[in-house]
Amino acid sequence: FVKSTRNIVIECSWRPLVKKLIRNVQNWWADGRLEAGFIDGDRTHKWLADWLWVPLIQKEVNNYVDQFNDHVVRKQMEKVGPSNCSPNYAFDHPGEYGGVNNYIPLDVNVIDSLREGHAGERAVRFFPPWAEQIAAGLFQSAGLPQVTVDNAWTTFVAMRNTFVAEVADFEALHKLDGDGWPAV
């Protein structure tokens, strides 16, 4: 590890993320959970909460990253790296700051071969696709407003009982593994 006095640049980049976003997300999640009747050990509750919250959190992270990478760093004569520009600009125009474009061209065949040994979609999903279809269908048919951090738990409550029932019906009709994925 690097001494804290030499870790200032890295600390300055992640500290606002924790202060402005991570703590807010923790508060948003915790604030309505109990009132919404969310049960930690209930797989269907987790799927529905993830269906609602994951896109919201991803949107917030994307907004933070876009804002951080687009902000202009003030001119600093003593700074070794680029200043008086945004990180995005410096990344796109490294030659203006004495840098070199170190993009590494990738062969599409190499990417395809890496994907062959990967667990695929299941490894990066929070719930099976059929559960997502049930949630999306319920959301659309109920005519609920766009989900925001302010109404996510209210939306959860509005969808919860029907979602749980439809998931149970689906599982009764299909052979699934213990995680709700089609049995192989």
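The values are calculated or read from the model by the stated rules, or taken from the named source; none is laboratory data. For clarity, every value in this text was computed on a predicted model and none was experimentally measured. A quick note on method: Cβ atoms are made from the backbone with ideal geometry, for glycine too, and the neighbour counts reach across all protein chains shown. Please note that ligands, DNA and RNA were not included when accessible areas were found on the heavy atoms of the full protein model with its side chains. Shrake-Rupley method; radii C 1.70, N 1.55, O 1.52, S 1.80 Å.
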### Summary
Expected output for segment 119-134 (first residue open to solvent by less than 100 Å² (accessible area, probe 1.4 Å), partner part of a loop (DSSP other than H, G, I, E, B) and at pLDDT 70 or above, Cβ below 6 Å, 6+ apart or cross-chain) is P128/G180; P128/W181
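T155 - would you say it is open to solvent by less than 100 Å² (accessible area, probe 1.4 Å), more than 23 Å from Q58 (Cα to Cα) and of a type in the set (S, T, N, Q)?
Numbers: open to solvent by less than 100 Å² (accessible area, probe 1.4 Å): yes; more than 23 Å from Q58 (Cα to Cα): no; of a type in the set (S, T, N, Q): yes.
No: the conditions fail for T155.
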### Query
If D40 passes every condition in (1) within 30 Å of A135 (Cβ to Cβ); (2) open to solvent by less than 90 Å² (accessible area, probe 1.4 Å); (3) modelled with pLDDT of 90 or more but one, which one does it miss?
(2)
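Scan the helices (runs of 4 or more DSSP H) fully inside segment 28-136 and keep the ones with 3 or more residues being touching a helix residue (DSSP H, G or I) at 6+ places or on another chain (Cβ under 8 Å).
Numbers: elements: 43-70, 87-92, 108-116.
Output list reads 43-70, 87-92.
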#### Entry: Any hit, segment 168-181, residues being in contact with a Lys or Arg (Cβ under 8 Å, 6 or more places away or on another chain) and either small (G, A, S) or farther than 30 Å from L21 by Cβ (or both)
yes
### Task
Output the residues belonging to segment 101-116 that are open to solvent by 100 Å² or more (accessible area, probe 1.4 Å) and of a type in the set (D, E, K, R).
R115, E116
### Task
Go through (1) part of a loop (DSSP other than H, G, I, E, B); (2) open to solvent by 50 Å² or more (accessible area, probe 1.4 Å); (3) in contact with a helix residue (DSSP H, G or I) (Cβ under 9 Å, 6 or more places away or on another chain) one by one and return the number of the condition Q146 breaks.
(3)
### Summary
Across segment 87-100, the tally of residues that are open to solvent by less than 90 Å² (accessible area, probe 1.4 Å) and over 30 Å from W53 (Cα atoms) stands at 8
